[in-house]
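What follows is one structure encoded as structure tokens, with my remarks underneath.
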Amino acid sequence: MSDATSTSVSTHILDTSRGRPAAGVGVRLSVRQGDEQAGWVAHGASRTDADGRCKDFPALPEGTTHVRLWFETEPYFCGGSASERPEVAEHSSNPRSQREAAEQQDAPRVRDSAPGSFFPEVTIVFAVHPGEHYHVPLLLNPFGYSVYRGS
């Protein structure tokens with residue numbers, strides 16, 4: 001976001017099962033120029049902060065037409081509470097573990113005994129136009145997600 005003409009991306013993850021931001025989620029940003037036949041190029045990586053936000057991606061290269069955000073959701077849902085993860089421990093004020101939050105869901109009990117996550121990753125691809133900012137919030141829970149273009 002170096003100047004008014006750069007194209008930029010930010011994201012925000014809200015864990016709707018807990019009613020809180022999803023802190024400590026790894027996010028990778030890739031870019032593509034041209035049509036669908038062009039290859040993806042890694043352009044940045046971040047981790048959501050205590051407010052569930054990634055605001056530190058670099059401005060997109062000139063000519064970028066598509067962006068791919070890859071969210072590493074499995075470690076978030078399977079890795080214990082945010083306060084147990086060192087990268088967000090200093091920001092967490094909620095001692096409840098992810099497991100306790102998940103148990104409050106109206107989901108089948110079998111979920112709690114199964115290893116892994118239903119969505120081990122979430123990938124979002126969207127088109128971009130030069131000079132615009134794209135804020136892409138992800139609403140996430142153990143069994144679903146929704147995404148939209150924010151402001």
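Could you tell me what percent of the accessible area of the range 24-65 is made up of carbon and sulfur, with a 1.4 Å probe and every protein chain present?
The value for the range 24-65 is 45 percent carbon and sulfur by accessible area.
Calculate, for the range 6-86, the solvent-accessible area per residue in square angstrom, rolling a 1.4 angstrom probe over the heavy atoms of the protein chains.
44
The values are calculated or read from the model by the stated rules, or taken from the named source; none is laboratory data. Bear in mind that the values here come from a model prediction, so they are computed numbers and not experimental data. For accessibility, only protein heavy atoms count, side chains too; no ligands or nucleic acids. Shrake-Rupley method; radii C 1.70, N 1.55, O 1.52, S 1.80 Å.
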